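Engineer: Just passing along the structure, written as structure tokens.
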Amino acid sequence: MRDYLIDPDFHLKKIKPKFRKMFELALPFLNTRHNEVHTFIVYQYALLLLEEEPGAPEVAIPAAILHDVGWSSVPEERQLDAFGPNMTDQKLRRKHEVEGAAIAREILVQSGYDPEFIPEIVAIVGGHDTTPGANSLEDAITKDADKLFRFSNAGFTIDRQRFNDEPLSSVQFLVERIDQWFLTKTGKEIARHEAHMREKEIVSF
């Protein structure tokens with residue numbers, strides 16, 4: 001099986017030039033909740049998904065880059081109430097989408113991005129966590145890339161520290177949700193592979 005190599009030290013210079021300006025403009029909004037490393041990893045998974053899924057990168061990649069800029073509007077001490085297994089505040093979760101959509105639109109306009117794609121990108125950002133299913137393949141790719149972060153080595157480590165979870169039970173939690181969470185065939189394949197890798201790493205540690 002193919003190895004899906006995700007670079008946890010990915011940096012701005014590795015972003016494709018077409019999308020680098022918007023990523024630069026997004027960085028000040030990603031300085032919370034580990035969102036900078038999260039977004040670099042989601043970007044890489046979006047590229048992997050687009051190798052197999054016939055989505056439009058002009059929409060899916062900006063949506064992946066900008067999907068979590070709205071967390072900057074949620075106080076850090078309240079963020080764990082709005083995501084994860086112990087989530088209690090759906091309004092805050094929704095707030096990061098609504099605020100994120102507005103921020104994303106500003107960034108896209110400021111970066112000079114093609115106006116043709118902006119409404120769809122903003123719509124994906126505005127519902128990437130709370131809307132069921134997907135309204136387009138690009139929406140599905142963004143949502144799958146976002147969820148795949150939790151299966152990556154870096155994301156798995158961050159989440160275990162956030163939620164104080166036992167490693168093997170954390171892997172099992174993820175495996176049990178693959179069919180529920182993922183919307184593309186490729187997303188499910190990558191998730192299963194990454195979960196297997198995390199389990200191997202735990203057992204061999």
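Coordinate-derived values only; no laboratory data. Nothing here was measured: the structure is a model prediction, and the numbers come from that model.
Engineer: Put one equal scatterer on each alpha carbon of region 85-205, apply the Debye formula with no solvent term, and list log10 I(q)/I(0) at q = 0.18, 0.23 1/Å to two decimals.
Structural biologist: -1.02, -1.29
Engineer: Given the C-alpha centroids of region 53-83 and region 18-47, what is the distance between them in whole angstrom?
Structural biologist: Region 53-83 and region 18-47 have Cα centres separated by 9 Å.
Engineer: For region 134-152 and region 153-205, what is the centre-to-centre distance using only Cα atoms, to the nearest Å?
Structural biologist: 15 Å
Engineer: Given the pairs 18/188; 91/200; 21/200; 18/91, which are separated by over 32 angstrom at their Cα positions?
Structural biologist: Over 32 Å Cα-Cα: 91/200; 21/200; 18/91.
Engineer: Going through the cross-link list 95/147; 16/147; 13/95, which pairs have a Cα-Cα distance over 25 Å in this structure?
Structural biologist: As for pairs spanning more than 25 Å Cα to Cα, those are 13/95.
Engineer: So what is the 222 nm mean residue ellipticity for the chain from helices alone, if each DSSP H run of at least 4 adds -39500 (n - 2.57) and you divide by all residues, rounding to the nearest 500 deg cm²/dmol?
Structural biologist: -19000 deg cm²/dmol
Engineer: In degrees, nearest 10, range 0 to 90: what is the angle between the Cα axis of helix 185-204 and the longest Cα principal axis of the chain?
Structural biologist: For helix 185-204, the angle is close to 40 degrees.
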